[in-house]
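Worksheet for the structure shown next.
Every number here is computed from the coordinates shown, using simple stated rules; none is lab data. Small disclaimer: the values here were computed from a predicted structure and weren't measured. Please note: Cβ atoms are built from the backbone with ideal geometry, for glycine as well, and neighbour counts cover all protein chains shown.
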Amino acid sequence: MSAFNAVQVGRRVLAVEADALRVLADSLGEAFANAVETIFNAKGRVVCTGMGKSGHVARKIAATLASTGTQAMFVHPAEASHGDLGMIGPDDVVLALSKSGAGRELADTLAYAKRFSIPLIAMTAVADSPLGQAGDILLLLPDAPEGTAEVNAPTTSTTLQIALGDAIAVALLERRGFTASDFRVFHPGGKLGAMLRTVGDLMHGADELPLVAADAAMPDALLVMSEKRFGAVGVVDDAGHLAGLITDGDLRRHMDGLLTHTAGEVMTHAPLTIGPGALAAEALKVMNERRITVLFVVERERPVGILHVHDLLRAGVI
């Protein structure tokens with residue numbers, strides 16, 4: 001008897017599932033396009049349903065759809081038979097999952113969809129199963145081997161279901177022109193929500209801006225820099241445009257006779273800036289790449305705010 005090797009087993013399972021995913025990708029065609037258009041044109045919600053492991057996947061698909069702009073919910077097929085069928089409306093679309101397509105628990109939901117002419121999208125590996133035959137649109141999964149050859153526990157099949165659900169969600173997302181700003185509305189919490197907040201959400205406003213005129217004496221510029229505590233001061237021209245920026249580095253470079261200079265003589269011209277509509281994640285990327293800790297926020301060349309790396313830290317972006 002050969003020694004057990006967990007790494008070999010893991011690689012074997014992943015290879016089996018990867019092969020199945022490639023087959024699924026190659027098989028997508030008109031039925032997939034019809035499923036996406038049916039959901040896109042629906043006035044109601046996508047009602048995802050399934051039993052056992054397929055039910056867990058159906059919950060995940062519903063959550064993914066809902067978070068990307070498609071109204072969706074999960075209905076347990078057993079609960080549906082005991083009153084929850086009333087949650088499915090005539091404007092909805094039913095997405096039913098079952099590898100075998102023969103689960104008895106789905107029978108009442110399939111009959112209900114047929115009775116009230118509710119579009120039914122069937123996701124199964126058996127085309128001539130009760131689910132496959134009942135579906136108005138059949139999303140046929142490859143009859144690929146499970147990762148557990150002897151036990152035959154749902155592994156590859158559920159991976160295929162999840163991946164196909166993701167493909168539907170992303171296709172709908174792009175069909176709707178769903179943007180990062182839309183996505184942020186549904187994800188206000190946690191790291192993801194923080195990354196999707198805008199610079200305008202996090203910046204300090206105009207009343208906190210450290211600004212001086214180009215002809216301001218450096219003692220006055222240093223006073224503003226110290227009072228505002230951003231480690232920098234912006235320099236504006238006569239039109240109110242941001243002309244330059246003074247940081248600690250500029251002070252060191254002009255240490256000799258610093259206090260005899262004007263702000264315009266010490267500043268770095270045309271500093272790096274960002275707009276208020278940019279994502280916090282973009283601001284963090286800029287700061288990391290340029291190794292800076294502060295960004296002035298401008299609109300039409302005029303400073304409207306300032307963002308410090310500590311603001312990103314407090315918001316949970318870092």
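Points worth noting:
- Considering only MET123, MET255, MET73, the Gaussian network model of the chain with Cα springs below 10 Å gives its largest mean-square fluctuation to MET255.
- Per-residue extension of 0.36 nm, minus the Cα-Cα distance of GLU174 and GLU282, leaves a gain of 36.7 nm for this segment.
- Remark: the ALA6-LEU259 segment gains 84.2 nm on full extension, using 0.36 nm per residue and subtracting the alpha carbon distance.
- Environment charge at VAL266 (Cβ cut-off 14 Å; Lys +1, Arg +1, Asp -1, Glu -1): -4
- Between LEU14 and ALA127, the modelled label-to-label distance comes to 3.4 nm, taking each label 7 Å out from Cα in the direction of the beta carbon.
- Table column - 3J(HN,Hα) (Hz), the stretch 9-21, Karplus curve with 6.51, -1.76, 1.60, x for Gly and Pro: 4, x, 5, 5, 4, 5, 5, 4, 5, 4, 4, 5, 5
- Distance between the pseudo-spin-label points of ARG291 and ARG115 (7 Å out from Cα toward the beta carbon): 7.1 nm.
- Along the chain, the exposed loop sites are GluC sites (Glu not before Pro) outside DSSP states H, G, I, E and B with at most 13 other Cβ atoms within 10 Å, and the longest stretch free of them is 151-300.
- For the chain, adding -39500 (n - 2.57) for each run of n ≥ 4 DSSP H residues and dividing by the number of residues yields -13000 deg cm²/dmol at 222 nm.
- Distances between placed amide hydrogens fall under 5 Å for THR198 paired with ALA280, all partners being 5 or more residues away or on another chain.
- Applying the Karplus relation 6.51 cos²θ - 1.76 cosθ + 1.60 with θ = phi - 60° to the stretch 125-135 yields 3J(HN,Hα) values of 9, 10, 5, 8, 6, x, 5, x, 6, 7, x Hz, where x marks Gly and Pro.
- Among the chymotrypsin sites (Phe, Trp or Tyr not before Pro) within the stretch 1-80, those in coil by DSSP and having at most 16 neighbouring Cβ atoms inside 10 Å are PHE4.
- Structure remark: mean-square fluctuation, Gaussian network model of the chain, C-alpha springs under 10 Å; the largest value among ALA280, ALA270, ALA80 belongs to ALA270.
- Dimensions (Å) - the stretch 94-159, Cα atoms, principal axes, largest first: 41, 20, 18
- Value of D in µm² per second that Stokes-Einstein yields for the chain, Kirkwood Rh from Cα pairs, at 37 °C (0.692 mPa s): 138 µm²/s
- The stretch 194-260: trypsin sites (Lys or Arg not before Pro) in DSSP loop, at most 10 other beta carbons within 10 Å: ARG229
- For GLY50, the residues 5 or more places off, or on other chains, whose built amide H falls under 5 Å of its own are LEU97.
- Overall form of the stretch 1-149 per C-alpha gyration tensor (a/c, 1.5; a/b vs b/c): prolate
- Kirkwood-based shape ratio for the stretch 1-85, expressed as Rg/Rh from alpha carbons: 1.14
- The distance linking the stretch 16-38 with the stretch 273-300 is 40 Å (Cα centroid to Cα centroid, whole angstrom).
- The distance separating the Cα centre of the stretch 39-78 from that of the stretch 108-122 comes to 15 Å.
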